[in-house]
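Asker: I am attaching a structure below and will ask some questions about it afterwards.
The values are calculated or read from the model by the stated rules, or taken from the named source; none is laboratory data. None of the values given here were measured: they were computed from a predicted structure. Here Cβ is always computed from backbone atoms with ideal geometry, including for glycine, and neighbour counts include all displayed protein chains. Accessible surface is based on the protein model in full, side chains and every heavy atom, while ligands, DNA and RNA are left aside. Shrake-Rupley method; radii C 1.70, N 1.55, O 1.52, S 1.80 Å.
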Amino acid sequence: MCGIVGEYKFSGYIEPAVVKRMTDEIVHRGPDSSGFYQNENVSLGFRRLSIIDLNTGDQPIYNEKKDKCIILNGEIYNYKLLKDELIKDGYIFKTKSDVEVVLFLYEKYGLDCIAKLRGMFAFALWDNNLRQLIVARDRVGIKPLYYYKNNNSLVFASEIKSLLKHPEISAMPNFQEIFEYIANRYVLGPETVFENIYKLNAGSFILIKDNKFKICKYWDYDFSKKSNISFEESAKILRKKITETINLHLNSDVPLGLYLSGGLDSSILLGVISKLVTNPVETFNVHFGIGKPIDENHDAEVVSKHFNSNHHSFQVDPINIEKLEDILWHLEEPIHDPAVIPTFLLSEKAKQFTTVVLTGEGSDETNGGYKSYIKFLKYSKYVGKYGFISNLLPPLNRKLKKTKRLLSCKNDLDLINLFNYSFFDSTITKEKLLVENINNKLSFSKIESKKKLILDNAKSFDRMDSRFYYDMNTWMLEDLLLKVDKTTMGSSLEARVPYLDHELIELTASIPYQYKVNKNSSKILLREAFKDILPAETLNKKQHGFNVPINAWFQNDFKKQIDSVLNYEMLSKTEIFNIGAIDFLKNQHFLSNKNYSSQIWNLFQLVLWFKNFIF
């Protein structure tokens, strides 16, 4: 796990010190060493966190003629198999690194080499003979890659803060995407909250050849190829594939551990790992000292004892502004998810014991885990059929309002939005929240168009599979994976996500959704596949997310932190908010019985982001 940066000049000359400054900005991603490559058109920089091949794995890595070189952030889990094939073809390796394998694959297969890779990665490969630059991101988007382009340059990096060290790039707010964050909790790519800075979409690569720039899509989720095998046989196949995938993810030359919540996904990881290794697994979790249903330490301890792991549990208390600013500096893009706090603090603690952790991200989306999937199945039959009835219902109370909204859903996106987070309501509207000159430029329709485009790409799939596809390209990609990468790498810790191995994803996508979720239960097949190794308490545990007691924090010392950020001086500097509307929101929350903790947390993070990067 590392950090990469680079620049390609369409015209003019490379300034060597620029990429050096950009590389130094992400030393936390790779504290062990650095490396550089430069010619008249291209400059590449690299920071290394040593995981595999500790002695000879420094980058950039070159081919024998030194006319091609590569820098890569991530891990290629099938590199040993690929290396054996290349050795048979006569390739001679100078390192034990997985990155050298990618370079030789490119020599053999050209651009098709990307399809051979099984792993998480963002890499840049320069071919001096063809004058060709490839900048690629893994299929699912586990590793981040940002870029900036103008007529003179393409600049790219693992993190935005590196880009901001380039003299041609300024930290300018993108107000439409800031509005999308407020309304939606996160920002869908390729845009970011920074003007003119973009994410390279998952499963894509940038190609520059003959001084021409283009972005190519090389992979996407495909739910169209369904198997017709039985439920029981599907469970056996799923278990075999998950076990194989986890085994691949255990390859490391440094200590390795696991984030253990005590839920189904992380418990399966621990159960499988315990059978594959000889020593007790190092496991980690956090709690808040307030008990169930928020705290998960009891659940984690049950699983830890069952599999005899060496478990570490840490208590998280409300933190100060300086620590929050540090977390947001690492995140770079505000995301609403308050779990960034305990995940960041857990990573700091885990780094004292290990350099690599496995996590359970992606299993909910691939195995049908969310409660919202049950609701989607229950209520999708109403979509587009009963709008005339909704017009007759008066919104007398909260339940009737929900029924009215349900019956008025015209399409699946309306239904998804109905059960998803919403910042705005009748009390706090876009017009009330934002100053007029900003409000007039911003559009809900642009946000909805981005969402609709994702669902349109899944038109050929079954309705429930389209919902899985939507979540993988929205919440999972832009919240969960961003959070995991930035919070772990902030402590120079590598996170691996076995459930998002692309071969495992392709298997789960081929399984009928009815095996995964119905109107009463979720993760049906996954539970069946591992029911014999898990404690009964874990197997029967109800599904819930990583809950953080933000509302409880707000009622205590954390309120002072809120007031120190959401005040006249700070809000006026953003130049976008009606300060009176936010004062009203805070008063409604703190002085009445209305719960606006979610909205306050959203704005609190955003204003801290302004302070970190814009003010």
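Yes/no per residue for (1) in a loop (DSSP other than H, G, I, E, B); (2) open to solvent by less than 10 Å² (accessible area, probe 1.4 Å); (3) among the charged types (D, E, K, R):
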position	(1), (2), (3)
Gly3	no, yes, no
Ser11	yes, no, no
Ile14	yes, no, no
Tyr37	no, no, no
Glu40	yes, no, yes
Leu44	no, yes, no
Asn73	no, yes, no
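Asker: Follow-up question, since we're still on this one. Determine the pairs where a residue that is closer than 14 Å to Leu238 by Cβ and in contact (Cβ under 8 Å) with a residue 40 or more places away in the chain, located within segment 356-376, has a partner that is charged (D, E, K, R) and open to solvent by 10 Å² or more (accessible area, probe 1.4 Å) with Cβ atoms under 7 Å apart, the partner being 6 or more residues away or on another chain.
Answerer: Sorted first by the residue in segment 356-376, then by its partner, the pairs are Ser363/Asp265.
Asker: Let me ask another. Residue under question is Glu107, and the condition is that it be farther than 24 Å from Asn211 by Cα and either in contact with a strand residue (DSSP E or B) (Cβ under 8 Å, 6 or more places away or on another chain) or open to solvent by 10 Å² or more (accessible area, probe 1.4 Å) (or both); does it hold?
Answerer: No: the conditions fail for Glu107.
Asker: I've got another one for you. Taking segment 119-149 only, how many residues are open to solvent by 10 Å² or more (accessible area, probe 1.4 Å), in contact with a Phe, Trp or Tyr (Cβ under 9 Å, 6 or more places away or on another chain) and outside any strand (DSSP E or B)?
Answerer: 2
Asker: Would you pick out the residues in segment 473-490 that are closer than 16 Å to Asn73 by Cβ and either open to solvent by 10 Å² or more (accessible area, probe 1.4 Å) or within 8 Å of the chain's Cα centre (by Cα) (or both)?
Answerer: Result: Leu481, Leu482, Val484, Asp485, Gly490.
Asker: Would you be able to tell me the number of residues in segment 49-71 that are farther than 14 Å from Leu125 by Cβ, without any contact (Cβ under 8 Å) to a residue 60 or more places away in the chain and open to solvent by 10 Å² or more (accessible area, probe 1.4 Å)?
Answerer: Residues meeting the conditions: 5.
Asker: Continuing with the same structure: Evaluate the following for Ser363: is it modelled with pLDDT of 95 or more and touching a strand residue (DSSP E or B) at 6+ places or on another chain (Cβ under 9 Å)?
Answerer: No; evaluated as a whole, the condition is false for this residue.
Asker: If you don't mind, there's one more thing I want to ask. Tell me yes or no: at least one residue of segment 347-356 is open to solvent by less than 10 Å² (accessible area, probe 1.4 Å), touching an Asp or Glu at 6+ places or on another chain (Cβ under 7 Å) and among the β-branched types (Val, Ile, Thr).
Answerer: The answer is yes; a qualifying residue exists.
Asker: If I filter segment 502-522 down to residues being open to solvent by 10 Å² or more (accessible area, probe 1.4 Å) and among the charged types (D, E, K, R), which single residue comes out as farthest from His28 (Cα to Cα)?
Answerer: Here the answer is Lys519.
Asker: What are the residues in segment 99-141 that are farther than 25 Å from Pro498 by Cβ and without any contact (Cβ under 8 Å) to a residue 40 or more places away in the chain, if any?
Answerer: Tyr106, Lys108, Tyr109, Gly110, Asp112
Asker: Would you be able to tell me the number of residues in segment 75-86 that are part of a helix (DSSP H, G or I) and aromatic (Phe, Trp, Tyr)?
Answerer: 1
Asker: Give segment 188-216 a look and list any residue that's open to solvent by 10 Å² or more (accessible area, probe 1.4 Å) and β-branched (Val, Ile, Thr), or say none.
Answerer: Across segment 188-216, the qualifying residue is only Ile215.
Asker: With the requirement that a residue be among the hydroxyl-bearing types (Ser, Thr, Tyr) and open to solvent by 50 Å² or more (accessible area, probe 1.4 Å), what does segment 409-430 give you?
Answerer: Selection gives Ser422, Ser426.
Asker: Now a separate question. Out of all the residues in segment 76-94, is one or more closer than 26 Å to His28 by Cα, open to solvent by less than 10 Å² (accessible area, probe 1.4 Å) and under 23 Å from the mean Cα position of the chain (by Cα)?
Answerer: Yes, segment 76-94 contains at least one residue that is closer than 26 Å to His28 by Cα, open to solvent by less than 10 Å² (accessible area, probe 1.4 Å) and under 23 Å from the mean Cα position of the chain (by Cα).
Asker: So, in segment 264-304, exactly how many residues are assigned to a helix (DSSP H, G or I), open to solvent by less than 30 Å² (accessible area, probe 1.4 Å) and not acidic (Asp, Glu)?
Answerer: Matching residues across segment 264-304 total 12.
Asker: Restricting to segment 46-71, count the residues that are within 24 Å of the chain's Cα centre (by Cα) and part of a strand (DSSP E or B).
Answerer: Residues meeting the conditions: 4.
Asker: Take His312 and decide whether it is open to solvent by 10 Å² or more (accessible area, probe 1.4 Å), out of contact with any His (no Cβ under 6 Å at 6 or more places or on another chain), at pLDDT 95 or above and farther than 19 Å from Ser363 by Cβ.
Answerer: In short, yes.
Asker: May I pose another question? Name the residues in segment 584-615 that are more than 25 Å from Lys483 (Cα to Cα), open to solvent by 40 Å² or more (accessible area, probe 1.4 Å) and aliphatic (A, V, I, L, M), would you?
Answerer: Across segment 584-615, the qualifying residue is only Leu591.
Asker: Which condition does Glu168 not pass, out of (1) acidic (Asp, Glu); (2) more than 29 Å from Asn420 (Cβ to Cβ); (3) touching a residue at least 24 places away in the same chain (Cβ under 8 Å), if it passes all the others?
Answerer: Going through the list (1) acidic (Asp, Glu); (2) more than 29 Å from Asn420 (Cβ to Cβ); (3) touching a residue at least 24 places away in the same chain (Cβ under 8 Å), Glu168 breaks only (3).
Asker: Has segment 241-254 got at least one residue that is among the aliphatic types (A, V, I, L, M), in a loop (DSSP other than H, G, I, E, B) and open to solvent by 10 Å² or more (accessible area, probe 1.4 Å)?
Answerer: yes
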